[in-house]
1. When you count, for each residue, the other Cβ atoms within 10 Å and take the mean per peptide, how do 195-207, 223-235, 36-48 rank with the highest first?
2. If you add up the charges near V251, with Lys and Arg at +1 and Asp and Glu at -1, over every other residue whose beta carbon is less than 10 angstrom from its beta carbon, what do you get?
3. Calculate the spin-label point distance for N248 paired with F211, positioning each point 7 Å from the Cα along the beta-carbon direction, and give it in nanometres.
4. So how much accessible area does L154 have, in Å² to the nearest 10, using a 1.4 Å probe?
5. Describe numerically, in nm with one decimal, the distance between label points set 7 Å from Cα along Cα→Cβ at L73 and at D46.
6. So what's the net charge close to L154: Lys and Arg +1, Asp and Glu -1, counting the other residues with Cβ under 15 Å from its Cβ?
7. Using a Förster radius of 25 Å, what is the FRET efficiency between V179 and T223 based on their Cβ-Cβ separation? Nearest 0.05, please.
8. Can you give the net charge of the other residues whose Cβ lies under 13 Å from the Cβ of S218, counting K and R as +1 and D and E as -1?
Amino acid sequence: MKICYIFIILKQCESIHFHVCGFEEKLEVFQASIKSIIADRDVNNDKLKLLSNEIHGLGIKSKSKLRKLEHELSIYNEALEKSLDKIERYSNLLSSKNSHLRESLNEAAHHAKGDKTQSSKDKMYRNLVPRFLVPDNIYNIGFTAVIGTHKEHLAIHQSIIFENVQTNEGLGYNSSSGVFKASVSGLYYFSVVIMSHATEDIETEIVKNGFPIASTYSGDSTTWNAGTQSTVLHLNVGDSVYIRIYNNPTVNDGNVRVFGYGWSSFSGIRISH
């Protein structure tokens, strides 16, 4: 009888041991799952931090671009207001001329009532109609732009962008591309100042429609140096003028760069039609 009890107890112990082993295995699996979840959480946290930093960086860049666009918009609005003022002034001038012309024609017609021939009438009108040109300063065009931050790692024939616009009468200069485009034909004067970094040298050139016009050299073995150049060009509507890196690898090698902070500038003005 005792032997039977012992046998039954042993069987129950085996069953309990079996279940305990099963629970231990499940516990190990559960612990492994927890470790995997913690590892995934850490990875996701790192990704979240990285994404947050990128969003923050994009926000800073967007604010900087927005400020730049607002500055350019204010310049364009100012130029537009000036243009509207000029249009109003010349509209008033033309209206006054037209009124004076009408009075002159009526007076002449009154004095020439007896002359009915067409030739005499044509002669009268030719003598009375004033021949005048719209004042040339209605086409005032001129700009000055300077480099803000230093321009680094410039390549041969790369355009130099003078992004800080001081004057842009006529809106011909594009601060995003560094290119001036003529909206009115005429004779134009252009000048450029290029400041080199200390102990460095750089060569640039004034370019019209892709063709080099005049070159500049800036350099000194001990300090900073500014090179200047100017030219007078006749431009047709749509012609473009800009500054680019000169094709001379013996000088323009390594980190080709231009000193900014207002020390390098590009200017142009229409001086006659």
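1. Ranked from most to least packed, the peptides come out as 195-207, 223-235, 36-48.
2. -4
3. Between F211 and N248, the label points sit 2.2 nm apart.
4. Its accessible surface works out to 20 Å², give or take rounding.
5. Taking the two extended label points, one gets 4.2 nm.
6. -4
7. It comes out at approximately 0.20.
8. -3
The values are calculated or read from the model by the stated rules, or taken from the named source; none is laboratory data. Not measured: the values here are computed from a predicted model. So basically every Cβ, Gly included, is an ideal-geometry build from the backbone, and we count neighbours across all protein chains shown. Calculation scope for accessible area: heavy atoms of the full protein, side chains included, ligands and nucleic acids excluded. Shrake-Rupley method; radii C 1.70, N 1.55, O 1.52, S 1.80 Å.
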